[in-house]
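Working notes, beginning with the structure itself.
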Amino acid sequence: MNNWIELLQEFKIKKIPVALVTVTKILGSAPCKVASKMIVTYQKEIYGTIGGGKLEFRVIDEAVHAIHENKVKEFSYTLGPEFEQCCGGKVELMIEPMNQSPELYLFGAGHIGVALCAVLKDTPFNITLLDTRENWRDNIRIDKAVSYSAIDFDHYKQAINWGTNCYVVIMTHDHKLDFEITALALHSETKYIGLIGSKTKKNKFNNLLIKELNFEAGIAPVHCPVGLDLGGNSPKEIAISVASQLLKVYYGK
């Protein structure tokens, strides 16, 4: 496949998640060459080939898993009876998921929320700042790269791109709304949930989740209080601590 750069650019423009499969090493006989490439979509559409047959089908499945997990993967296969091939060679390859920037949803456009937008500028996160207060956007300044939404809580379930690429930080002006968003996030697929709150708030939410919503894990999956304990208490210092934790989770440190 000679046009893989152009194809990847098209998928990037359209924001379609794909995986790039590259043959990195061959030992012995194999139906492909080093640097052979194949692009795989989440729907298992393929562009290019790494030789066809059962090996290719196996790699397509692994590519879909890589897209879902958003992780680079490396594999090594021996071409024997398992793949109905008698080559006897060995193929090593790498699968790289692409076009999956992490989606960060900041619920609450108060001092900390606005400070977080500034601190996280030029990081991998695509940031959406949400606040249900009427005309609140007129009270704040945020970078043009940050998306702002004033939709009601009732639309959050449909509007948020829940999934393994979804990061959520909850810090609204209303404790009841904080709880509703926390419950929604816990019942949706997310990579990270952070909640600003005291020990009292944490314990209250924990009891409500267990006793009223029958959520056995309670508040345990939530980072509460959110952020790393860096010692500062100003909005900017708290924002730095939250940003540090988000980046730590994103980079798997």
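The values are calculated or read from the model by the stated rules, or taken from the named source; none is laboratory data. Treat the numbers as computed from the prediction; the structure is a model and nothing was measured. When we count neighbours, we look across all protein chains shown, and the Cβ atoms used for this are built from the backbone with ideal geometry, even at glycine. For accessibility, only protein heavy atoms count, side chains too; no ligands or nucleic acids. Shrake-Rupley method; radii C 1.70, N 1.55, O 1.52, S 1.80 Å.
Residues in the stretch 1-26 that are touching a strand residue (DSSP E or B) at 6+ places or on another chain (Cβ under 6 Å) and in a helix (DSSP H, G or I) were compared, and the one that is farthest from GLU56 (Cα to Cα) is PHE11. Only one entry of ILE26, ILE60, ILE95, ILE112 meets the criterion of being among the β-branched types (Val, Ile, Thr) and within 30 Å of VAL226 (Cα to Cα), and that entry is ILE112. Filtering the stretch 118-134 to residues that are outside any loop (DSSP other than H, G, I, E, B) and closer than 16 Å to CYS166 by Cα leaves ASN126, ILE127, THR128, LEU129, LEU130.
Restricting the first member to the stretch 105-118 and to residues that are over 16 Å from ASP178 (Cβ atoms), and the second to residues that are of a type in the set (Lys, Arg) and surrounded by fewer than 24 Cβ atoms within 10 Å (Cβ to Cβ), the beta-carbon pairs closer than 6 Å and six or more apart or on different chains are ALA115/LYS236. Here MET171 meets the list (1) more than 23 Å from ASN70 (Cβ to Cβ); (2) under 14 Å from the mean Cα position of the chain (by Cα) almost entirely, failing just condition (2).
Among the residues of the stretch 8-26, those identified as open to solvent by 50 Å² or more (accessible area, probe 1.4 Å) and out of contact with any Asp or Glu (no Cβ under 8 Å at 6 or more places or on another chain) are GLN9, GLU10, LYS12, ILE13, LYS14, LYS15, ILE16. Residues of the stretch 27-45 that are in a strand (DSSP E or B) and open to solvent by less than 70 Å² (accessible area, probe 1.4 Å): LYS37, MET38, ILE39, VAL40, THR41. Quick one: in the stretch 74-117, of everything that is modelled with pLDDT of 85 or more, assigned to a loop (DSSP other than H, G, I, E, B) and in contact with a strand residue (DSSP E or B) (Cβ under 8 Å, 6 or more places away or on another chain), which residue is nearest to MET171 (Cα to Cα)? Ranking the qualifying residues of the stretch 74-117, first place goes to GLY108.
Selection of first residues in the stretch 78-98 that are closer than 15 Å to PRO31 by Cβ and of second residues that are among the hydroxyl-bearing types (Ser, Thr, Tyr) and at pLDDT 90 or above, restricted to Cβ pairs under 6 Å at least 6 apart or on distinct chains, gives the following pairs, ordered by first then second residue: GLU92/THR24; LEU93/THR24.
Among residues of the stretch 151-164 that are in contact (Cβ under 8 Å) with a residue 12 or more places away in the chain and over 18 Å from ASP178 (Cβ atoms), those with a Cβ under 6 angstrom from a residue that is outside any helix (DSSP H, G or I) and basic (Lys, Arg), sequence gap 6+ or separate chain, pair up as THR164/LYS191. Counting only residues that are touching a Leu at 6+ places or on another chain (Cβ under 8 Å) and either exposed (fewer than 14 other Cβ atoms within 10 Å of the Cβ) or modelled with pLDDT of 90 or more (or both), the stretch 49-73 holds 1 of them. All of (1) of a type in the set (A, V, I, L, M, F, W, C); (2) within 28 Å of the chain's Cα centre (by Cα); (3) over 21 Å from ASN165 (Cβ atoms) hold for VAL18 with one exception: (3). Criterion applied to ASP154, ASP174, ASP178 was being surrounded by 14 or more Cβ atoms within 10 Å (Cβ to Cβ) and at negative phi, and the one residue passing it is ASP178. Restricting attention to the stretch 23-44, the residues being out of contact with any Gly (no Cβ under 7 Å at 6 or more places or on another chain) and closer than 18 Å to GLU69 by Cα number 5. When residues in the stretch 120-138 are screened for being buried (at least 19 other Cβ atoms within 10 Å of the Cβ) and touching a residue at least 60 places away in the same chain (Cβ under 8 Å), 2 of them pass. Pairing residues of the stretch 13-37 that are at pLDDT 85 or above with residues that are aromatic (Phe, Trp, Tyr) and open to solvent by 30 Å² or more (accessible area, probe 1.4 Å), at Cβ distances under 6 Å and at least 6 apart in sequence or on separate chains, gives PRO17/TYR42; LYS37/TRP4.
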